[in-house]
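Once you've had a glance at the structure underneath, I'll fire off some questions.
The values are calculated or read from the model by the stated rules, or taken from the named source; none is laboratory data. Treat the numbers as computed from the prediction; the structure is a model and nothing was measured. Backbone-built Cβ (ideal geometry, glycine too); neighbour counts: all protein chains shown.
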Amino acid sequence: MINALGLSERLRQSTEALHLQAERSGYIRKILRKQASREGYGLFLRSLEPAYAALEQALVKQGRHDDLLRFDWVALARHTTILGDLSALANNDWLTVFALLPEAERYAKRITHIQEEAPHRLLGHAYVRYIGDLSGGQIVKAILGQAPGLSAGMLKFYDFEGIDDADTFKASFREGLDRIGENTAKSDDIIDEALIAFQHNIDLSLAVDAQMTSG
């Protein structure tokens, strides 16, 4: 049976509840309420670093896969900017300053696990992270600039220098997803993986919050 909705809209609807949960829990909740600290945000970004490293390595390795060819991964890549921000946040000593949480390792391992046998599932993770970075991430950047007052050099993660118009880019990304939804039987897998990605993000955010609270 063919679903009348495109894959991009199915993804939005299917992940809506977890998206809302992510915004209302863990350290993300503190960020949005302007309660974050420089140390806490640094730990949060450090916890995302392995997932971005794994995702971007996987996208390069599997880049010739038909389902991945239609997207501009170079413009979306965030790992290099994450490393720069972490260095700025921790005065070039982020590996020592910020602990690597088990939840961060599990997130990255999930991405590595799927890349060989089900590379189309990488699109679920790309949708959750990159579309989020281009959308709500811009709000997060503005908030972090106010509280705890991070400098522009600590927030390069949210700057997409290769994308002139975020709305146009996101529309093109969604069109690419919709074409995949029309031509393959893999849509359900991608939606399932997006739900898994959101859950990893929630777990990570909760772990960062717990670490900062106990510390």
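Restricted to the range 21-55, and to residues that are of a type in the set (A, V, I, L, M) and closer than 16 Å to T213 by Cβ, which residue is surrounded by the fewest Cβ atoms within 10 Å (Cβ to Cβ)?
Only one residue fits best here, namely I31.
I've got another one for you. Which pairs do you get when a residue that is under 17 Å from Q21 (Cα atoms), found in the range 187-202, comes within reach of a residue that is modelled with pLDDT of 95 or more and among the aromatic types (F, W, Y), reach meaning Cβ atoms under 6 angstrom, with the pair 6+ apart or on two chains?
Pairs that qualify, where the first residue is under 17 Å from Q21 (Cα atoms) and the partner is modelled with pLDDT of 95 or more and among the aromatic types (F, W, Y), are A194/Y127; H200/Y107.
Quickly run through the range 1-20 and pick out the residues that are exposed (fewer than 15 other Cβ atoms within 10 Å of the Cβ) and closer than 17 Å to H200 by Cβ.
Hits for the range 1-20 are A17, L20.
Taking the range 92-104 on its own, how many of its residues are surrounded by 15 or more Cβ atoms within 10 Å (Cβ to Cβ) and assigned to a helix (DSSP H, G or I)?
Residues meeting the conditions: 4.
Related question: Hey, which of the helices (runs of 4 or more DSSP H) in the range 26-91, taking only ones fully inside, have at least 2 residues that are within 28 Å of E175 (Cβ to Cβ)?
Correct list: 38-61, 73-76, 79-89.
Condition (residue is over 21 Å from H120 (Cβ atoms) and either in contact with a Lys or Arg (Cβ under 7 Å, 6 or more places away or on another chain) or not in a helix (DSSP H, G or I) (or both)) applied to the range 1-11: is it met by at least one residue?
yes
If you don't mind, there's one more thing I want to ask. If the Cβ limit is 9 Å and pairs must be 6+ apart or interchain, which residue in the range 101-123 that is within 25 Å of A185 (Cα to Cα) pairs with which residue that is among the aromatic types (F, W, Y)?
Between residues of the range 101-123 that are within 25 Å of A185 (Cα to Cα) and residues that are among the aromatic types (F, W, Y), the close pairs are L123/F71.
Table: residues versus (1) under 18 Å from G124 (Cβ atoms); (2) touching a residue at least 60 places away in the same chain (Cβ under 8 Å).
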site	(1), (2)
S14	yes, yes
R24	no, no
I28	no, yes
I31	no, yes
A77	yes, no
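Filter the range 150-166 down to residues that are without any contact (Cβ under 8 Å) to a residue 60 or more places away in the chain and of a type outside the set (S, T, Y) and give me whichever is nearest to L32 (Cα to Cα).
A152
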